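The values are calculated or read from the model by the stated rules, or taken from the named source; none is laboratory data. What you see is a predicted model; the values in this text were computed from it and never measured. Counting neighbours? That spans all protein chains shown, and the Cβs are built from the backbone with ideal geometry, glycine included.
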Amino acid sequence: MWELFGTVLPLDGGMLFPRESTSREVKELNGLWDFRPDGSPNRNEGFEKAWHKRRLAEVSGSGGDTRVESGFSAWVNGEKVTEHEGGHLPFEAEISSLIRRDPTKPCRITIAVNNTLTLETLPPGTIQYMNDRTRYPDGFFVQNIDFDFFNYAGIHRPVLLYTTPKVYVDDIIVETNFMDNTGKFISNFLTSTKEYVMILRPYVLYRRGDSGIKEVPEVYLVHLIAVSETSTYEDLYTLPVGIRTVNVTKTQFLINNKPFYFHGVNKHEDSDIRGKGLDWPLIVKDFNLIKWLGANSFRTSHYPYAEEILQMCDRHGIVVIDELSLNASLYINVNNICFPCRTLIKHTKALDHTRPVTYITDSNYARDKGAPFVDVVCVNSYFSWYHDPGHLEVIPIQLNAQFENWYGKYKKPIIQSEYGADALPGLHMDPPMMFTEEYQNALLQSYHDVFDQKRKQYVIGELIWNFADFMTAQAIHRVVGNKKGIFTRQRQPKAAAFILRRRYWRLANETWRLPPWTKYPCSL
């Protein structure tokens, strides 16, 4: 069976990441695609002229949308196979009946994408048409957004074509635990026809030297065999799995029953040239910098990241706070936030009861609607930046009060999920002034002094905003993007990067153990 795998809802059933094996073939459809923007007054002109049935270069007029907001539609050889609203998550479509068997006839895949944002999209936005012809040209409109990152358009992640046998492993659920200091796993499998599956070679543990330490770097669930009533189809799917347990107490976050302190970063999928597009050289560079910092974690602000990046985190021992694309919608509908929080958390727990859930807040602790339902409280604060700008002396008082108030009410461990200050690289001033590298350094140090007091009690982590400068919409308070990165958008260090590096490596030695990697560079 042929499946088209890209980035945005699955078919009924599971959706395993496409992997090559003796029973599965994967072809990457990346590279240079023919693109054609839609500049027509009639947004449906391209569809009316059936542009998706011909080469784009041959089509006059061009594509538009069929009221699929922030959406995606795909055609194979002129036949529509799927559509999707939203972004950042994978989708797939079964296209076996549309594949041409004649190798001399090309197979054309055509995709229409639309990054228009409305109140129903994630992230949300609004369209405002300017009808004053004394001030604006005909058809002029503004895309209003309530988030602070750039609304890129296009295909950001790989498009893959893959095959499966007629009967194949459709989904795998793995739960891990410890029994008498021995790792174990429980596996459930689903096939495309609900037949049964056998697992071969379930090796779990190995012993290193004479240390008596049992380590599980990864488990491979290999050679899964699906059997039907009439024939035997062999489907080989390899799934790397880490043996780990995660638990949360009133004051600690435990991984494999050991306290874990988050010292990491917030990141955006953003860079020069590629924008949000998946860029392997950049990914390797970023992981090298994360290791150089001594960071052990990051948050995927403000949307789910590409699976390829999460797989890299698994291989290199990086803990991830994986975020939904709800950042801006919370500001729009804050009065009703308790309802979506409760519903989303209940649904998430039903899908995976082993996974702690949090959400990011900067609201008043006494009136917060989401904190009662989460396992860990994540708080953003920008004292002496957005609040009391220029007054570094308020940080110890206000940050200490923040932690005491949140823990006093909810008795849950707290992560400082955002803090920071903009710094223009090369801008210096003494005494420290806002937007200088010295001010960014001083602000970080003031926060760190309070963190060191509270991490002995109930603060379980600190995530700097931000790993690197990133692009935003143009605004009077943004100088070619957000400059709160400790690295520039080109991944060159500011002075704050060295302060954070000294701190994170000290924390790595003090709070738990050195990361599984103590050397870099990073490898795939």
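Give region 493-524 a look and list any residue that's loosely packed, with under 15 Cβ neighbours inside 10 Å, hydrophobic (A, V, I, L, M, F, W, C) and at pLDDT 95 or above, or say none.
Step one: list which residues in region 493-524 are loosely packed, with under 15 Cβ neighbours inside 10 Å, which gives 498, 502, 506, 509-510, 513-514, 516, 518-521, 523-524.
Those still in the list that are hydrophobic (A, V, I, L, M, F, W, C) too: 498, 514, 524.
Selection gives 498 alone.
In region 406-424, what count of residues is obtained for those that are surrounded by 14 or more Cβ atoms within 10 Å (Cβ to Cβ) and closer than 21 Å to residue 261 by Cα? Break it down into steps so the answer makes sense when it comes.
Within region 406-424, the subset surrounded by 14 or more Cβ atoms within 10 Å (Cβ to Cβ) is 406-407, 409-410, 412-424.
Cutting the leftovers down to closer than 21 Å to residue 261 by Cα gives us 406-407, 410, 412-420.
Result for region 406-424: 12.
Within region 109-137, can you find the residues that are among the acidic types (Asp, Glu) and modelled with pLDDT of 90 or more? Before you say what the answer is, go through the steps one by one.
The initial filter retains those residues of region 109-137 that are among the acidic types (Asp, Glu), namely 120, 132.
Result: 132, single match.
Can you list residue pairs whose Cβ atoms sit under 6 Å apart, with the first residue in region 157-175 being outside any loop (DSSP other than H, G, I, E, B) and the second being surrounded by fewer than 18 Cβ atoms within 10 Å (Cβ to Cβ) and hydroxyl-bearing (Ser, Thr, Tyr)? Count only pairs 6 or more apart in sequence or on different chains.
174/187
Suppose we filter 267, 291 for residues that are more than 25 Å from residue 374 (Cβ to Cβ) and buried (at least 16 other Cβ atoms within 10 Å of the Cβ); which single one remains? Talk me through it step by step, then tell me what you get.
Values: 267 fails: more than 25 Å from residue 374 (Cβ to Cβ).
None of the other options fit; the residue is 291.
Does region 426-438 hold any residues that are touching an Asp or Glu at 6+ places or on another chain (Cβ under 7 Å) and not acidic (Asp, Glu), and which are they? Working first, answer last.
Step one: of region 426-438, the residues touching an Asp or Glu at 6+ places or on another chain (Cβ under 7 Å) are 427-430, 432, 435, 438.
Result: 427, 428, 429, 432, 435.
So which strands (runs of 3 or more DSSP E) stay within region 235-320 end to end and still have 2 or more residues that are in the same structural domain as residue 355 (by TED's automatic domain parsing) and within 16 Å of the chain's Cα centre (by Cα)? Walk me through how you get there before you give the answer.
Details: elements: 239-241, 246-248, 253-255, 262-267, 297-300.
Filter on region 235-320 gives 262-267, 297-300.
Using the structure shown, decide if residue 442 is touching a strand residue (DSSP E or B) at 6+ places or on another chain (Cβ under 9 Å) and surrounded by 17 or more Cβ atoms within 10 Å (Cβ to Cβ).
Against the criterion (touching a strand residue (DSSP E or B) at 6+ places or on another chain (Cβ under 9 Å) and surrounded by 17 or more Cβ atoms within 10 Å (Cβ to Cβ)), residue 442 does not qualify.
In region 110-130, is there at least one residue being in a strand (DSSP E or B) and of a type in the set (Gly, Ala, Ser)?
First, the residues of region 110-130 that are in a strand (DSSP E or B): 110-113, 125-129.
Checking which are of a type in the set (Gly, Ala, Ser) leaves us with 112, 125.
Yes; the residues of region 110-130 include at least one that is in a strand (DSSP E or B) and of a type in the set (Gly, Ala, Ser).
With respect to residue 92, is the statement that it is crowded, with 17+ Cβ neighbours inside 10 Å, at pLDDT 85 or above, in the same structural domain as residue 38 (by TED's automatic domain parsing) and among the charged types (D, E, K, R) true?
Numbers: crowded, with 17+ Cβ neighbours inside 10 Å: yes; at pLDDT 85 or above: yes; in the same structural domain as residue 38 (by TED's automatic domain parsing): yes; among the charged types (D, E, K, R): yes.
Answer is yes for this residue.
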